[in-house]
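Here the structure is laid out as structure tokens; the discussion comes afterwards.
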Amino acid sequence: MHGPGDFHRPTSPITSRKVYAAAHVIPHMDADNTPGAPAVIDWEATLAYRHELWSYGLGVADAMDTAQRGMGLDYAATCELINRSAQEAATVIADNRYPALTSLTVRDIIACGVGTDQLNDQPVEPGDLQLVIDAYLQMLHLVENSGAKSILMCSRALAKAARTPQDYVQVYSTLLDAAQQPVILHWLGEMFDPQLAGYWGTTDLAEATAVFQSILEKHSEKIDGVKVSLLDAEHEKQLRATLPSGIRLYTGDDFNYPELIDGDGELHSDALLGIFAAIYPAASTALQAFDASDAARGRTILDSTRELGLHIFSAPTFYYKTGIAFLSWLNGHQSGFQMVGGLHAGRSFPHLVRTFVLADTAGLLLNPELAAKRMEELLAVYGAKTTTRTLTGVS
């Protein structure tokens, strides 16, 4: 094995980029972690993972799709996650717990998703816009009252209720008017959630972008930034160049993040990324290099993780969460390889083996002995240990 990379925690806040790592949740290992069962969260382990991210100077994006929002994390667990994470973030700031967070605020280190999960089990019909607005507002109030920054997520219910692009404009305008502080708008592509196909009222990307931009222009004072997860680097660059002044572009492109964060010499993207929950030591070290005006080194470090990112987020992309939980287990952050809703079965055994190989190559197995022991155990459980002598060259 290659051993850990030359990664280190920052001794002061990261300043050249604004970054949030979208974190996963860890279940109790003896819970009924099967599809459809209520999520039973191991809060100690889940919050400890957020401390790990904070200690490396990264903000945490919580209650997002990485936390299995809409894929195993039920509404009650989502609300509790938001409150617990925000309370933990407030304690970290009050105690000045980590040098990497000195002088930062709670909103700098925790942002939480605002969605319409309470409608997941209700029939939503075309035209039910007020039903969607009320659900959004309920969670917007929850997140704002927690002290976290709000991330307005795309809504499956709105995708059902909206009949025209103007319906989206109406809903988002209502929400932004109600927001007490600037929010992040999240545009999640259908590769992450097939139920969001045709979001913004059209399947044409240029037309959808025009609808999205009309909202940004009308409500720019209420928008901290936009988080775009379309896995389309050229589209992101074009959008980034046309954003109203003061609005950040938080890349959600887990394929092309190295070049987007590096930038083109004039503009760069900030980041709100699920992959950062898996590569956080490398991501932090790269960002520290950007802070030190050593962009070449920062880019090299990020590039060294790209193949792992491409693999973890390979199709079907919405199962990327399994890879993040798998690396969490290999690195000792959870006692077992399980996920709420049974999502630990979301990837094949060969996929997991390849994840192990690529994580090792990138120096992201921080305790190689533990990772090797756990991988040996997994090989045995899957019936492969007696026939697999080496993982070198696994494709």
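The values are calculated or read from the model by the stated rules, or taken from the named source; none is laboratory data. Model, not experiment: these values are computed from the prediction. So basically every Cβ, Gly included, is an ideal-geometry build from the backbone, and we count neighbours across all protein chains shown.
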Within segment 140-157, of all residues that are crowded, with 22+ Cβ neighbours inside 10 Å and without any contact (Cβ under 8 Å) to a residue 60 or more places away in the chain, the one farthest from Gln181 (Cα to Cα) is Ala157
Based on this model, can you work out whether Gln130 counts as surrounded by fewer than 24 Cβ atoms within 10 Å (Cβ to Cβ), closer than 29 Å to Lys18 by Cβ and at pLDDT 95 or above?
no
Filter pass, Arg297 being touching a residue at least 24 places away in the same chain (Cβ under 8 Å) and charged (D, E, K, R)
no
Say whether the condition of being in a helix (DSSP H, G or I), of a type outside the set (Val, Ile, Thr) and within 29 Å of Ala37 (Cα to Cα) is met by at least one residue in segment 89-101.
yes
Looking only at segment 199-214, decide whether some residue is touching a residue at least 12 places away in the same chain (Cβ under 8 Å), touching a strand residue (DSSP E or B) at 6+ places or on another chain (Cβ under 6 Å) and not in a helix (DSSP H, G or I).
no
Can you tell me how many residues within segment 250-278 are buried (at least 24 other Cβ atoms within 10 Å of the Cβ) and free of Cβ contacts under 8 Å to residues at least 12 places away in the same chain?
0
So for segment 103-124 (the condition being closer than 20 Å to Tyr250 by Cα, free of Cβ contacts under 8 Å to residues at least 40 places away in the same chain and touching a Phe, Trp or Tyr at 6+ places or on another chain (Cβ under 9 Å)), does at least one residue qualify?
no
